[in-house]
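The values are calculated or read from the model by the stated rules, or taken from the named source; none is laboratory data. Computed from a predicted structure; not experimentally measured. No Cβ is skipped: glycine too gets one built from the backbone with ideal geometry, and neighbour counts run over all protein chains shown. Accessible surface is based on the protein model in full, side chains and every heavy atom, while ligands, DNA and RNA are left aside. Shrake-Rupley method; radii C 1.70, N 1.55, O 1.52, S 1.80 Å.
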Amino acid sequence: MKNIYLDNAATTPLRPEVIHTMVDVLQHDYGNPSSTHSFGRSSKSILETSRKTIAKHLNCSAQEIIFTANATEGTNWILREMVKNNGIKKIITSKIEHHATLYTVLNLQKEFGFDVEYINVLPNGNLDLFDFERKLNDEIPTLVTLMHVNNEIGTVLDLNRVAGICKKYNAIFHCDTVQSIGKIKIDLQETQLDFLVASAHKFHGPKGIGFAFIRKNRIMQPMFFGGEQEKGLRAGTEAIHQIAGMSKAFDLANEHLVEETKYITELKNYCVSQLQANFDGIIINGENTFYNILNVLLPFSEEKTAMILFNLDMKGIAVSRGSACQSGSVKPSHVLAEFLSEENIKKPSLRISFSHYNTKEEIDIFIESLKTI
Ligand code: PLP
């Protein structure tokens, strides 16, 4: 049985070149980058070269990149910092954000007691940007936190438009780019957001490492206290192998961006056409969705919901739930709950997410397996 991995929005397999880079660093570059001897200098050089590589692809300066453990850490740090030390009195976000944002906002609200407003979600899963603009004004210091690509349905935020609206009202814009970075070009001179966060494991890099972009006029207090690492903002000896792996993964993602985008787009289109040809009444959740994420509502009975993932898993096929009862859990997806009808939210939805490692043959096997359920 061949295992088929169609859950690339959850995490991605490492590219072989990334593994090679990491093993090489683990074997040879074990010096502490804070040490002044040659071992330390070698590690320091990897650290700073990695930072420059990432900055080059984003068209920002290397000093604006801070390494973190992941995107969740970056979001927690930035949002806390903005409400604690930067006078933010209101946060505008949406109910379809990742929990890394939603729960951070809710917990900070409990602690600091500011206003939170949620942008309306349209029936097609996109945000109502007119409603967004109505929620802004010049008088209240505001932070806007919105994701670029939604991890469950793949809807895409118009970053330049949102950044432009934020500028108009002097609002700070924090963007969770976890699902888009390395999969679409982001130019930080063109897109005037203030903060972004990323996790390497979503672009074929290692887990446990990510970065935050902090625009240079933004003043931040340390996330942790201790050593001088990361300009004193995130103390603790740097994970050089992770950072080198992330930088390699980001470099390769950008190098292959055009051909991989084309390949994955065709794969998704093929999957959509095969699903439509084989399942009458299938519905795609969300409109104008990103090229590697497909969320579909299956024309199956409610009772089959729990069985589907289990059955696919038994056949070695990994996809993700799109809605409703995951084995044992009765919680519906908080994203789909925002825009699907009461009736549809109970039906089984699946999230299928692709990478350049997937093939049409895998899609065929997936469809055939789904037909047997
Ligand atoms: N934001 C989005 C959109 C995600 O998809 C994820 C992970 O699934 C995260 C944030 C959190 O990423 P991490 O767990 O790597 O911090």
Worksheet item: Does E48 count as under 19 Å from G236 (Cβ atoms), free of Cβ contacts under 8 Å to residues at least 40 places away in the same chain and either out of contact with any Leu (no Cβ under 6 Å at 6 or more places or on another chain) or away from the ligand (no atom under 16 Å from the Cβ) (or both)?
Response: yes
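Out of the range 12-29, which residues are touching a Ser or Thr at 6+ places or on another chain (Cβ under 9 Å) and outside any helix (DSSP H, G or I)?
If we filter the range 12-29 for residues that are touching a Ser or Thr at 6+ places or on another chain (Cβ under 9 Å), which is where we start, we get 12-13, 21, 25, 28-29.
Within the range 12-29, T12, P13, D29 qualify.
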Item to complete: Of all residues in the range 251-285, count the ones that are closer than 22 Å to T155 by Cα and in a helix (DSSP H, G or I).
Response: 22
Practice prompt. Could you check, for the range 195-202, whether at least one of its residues is more than 10 Å from the ligand (Cβ to nearest atom), among the basic types (K, R) and in contact (Cβ under 8 Å) with a residue 40 or more places away in the chain?
Written response: no
Response to the item:
Scanning the range 171-200 residue by residue, those among the hydrophobic types (A, V, I, L, M, F, W, C) and assigned to a loop (DSSP other than H, G, I, E, B) turn out to be A171, V178, I186, L188, L193
Discussion item. Which residue is nearest to the chain's Cα centre (by Cα), if the candidates are limited to the range 286-310 and must be in a loop (DSSP other than H, G, I, E, B) and of a type in the set (A, V, I, L, M, F, W, C)?
Written reply: F290
Practice prompt. Output the residues belonging to the range 199-224 that are closer than 15 Å to F173 by Cα and crowded, with 21+ Cβ neighbours inside 10 Å.
Written response: A212, F213, I214
Item to complete: Scan the range 30-82 for residues that are outside any helix (DSSP H, G or I), open to solvent by 60 Å² or more (accessible area, probe 1.4 Å) and within 18 Å of T177 (Cβ to Cβ) and report the count.
Response: 1
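Quick check on this structure: which one of N85, N3 is touching a Gly at 6+ places or on another chain (Cβ under 8 Å), modelled with pLDDT of 95 or more and surrounded by fewer than 21 Cβ atoms within 10 Å (Cβ to Cβ)?
On the way: N85 fails: touching a Gly at 6+ places or on another chain (Cβ under 8 Å).
From the options N85, N3, the qualifying one is N3.
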Practice prompt. Select from the range 152-184 the residues that are touching a Pro at 6+ places or on another chain (Cβ under 9 Å) and either of a type in the set (F, W, Y) or open to solvent by less than 40 Å² (accessible area, probe 1.4 Å) (or both) and list them in ascending order.
Written response: A171, I172
Practice prompt. Tally the residues that are among the hydroxyl-bearing types (S, T, Y) and open to solvent by 30 Å² or more (accessible area, probe 1.4 Å), restricting the search to the range 228-254.
Written response: 1
Fill in: Pick from the range 148-170, criterion among the hydrophobic types (A, V, I, L, M, F, W, C) and assigned to a loop (DSSP other than H, G, I, E, B), ranking: farthest from A198 (Cα to Cα)
I153
Practice prompt. Inspect all residues belonging to the range 65-83 and state whether any of them is free of Cβ contacts under 8 Å to residues at least 12 places away in the same chain and more than 16 Å from the ligand (Cβ to nearest atom).
Written response: no
Worksheet item: Which condition does I140 not pass, out of (1) under 27 Å from E260 (Cα atoms); (2) assigned to a loop (DSSP other than H, G, I, E, B); (3) open to solvent by 30 Å² or more (accessible area, probe 1.4 Å); (4) more than 16 Å from the ligand (Cβ to nearest atom), if it passes all the others?
Response: (1)
Worksheet item: What pairs come up if the first residue lies in the range 98-127 and is open to solvent by 70 Å² or more (accessible area, probe 1.4 Å), the second is hydrophobic (A, V, I, L, M, F, W, C) and away from the ligand (no atom under 16 Å from the Cβ), and their beta carbons are under 7 Å apart, counting only those six or more places apart or on different chains?
Response: F112/V83; P123/F339
Worksheet item: Out of all the residues in the range 174-194, which are away from the ligand (no atom under 14 Å from the Cβ), charged (D, E, K, R), within 28 Å of P141 (Cα to Cα) and in contact (Cβ under 8 Å) with a residue 60 or more places away in the chain?
Response: D187, E190
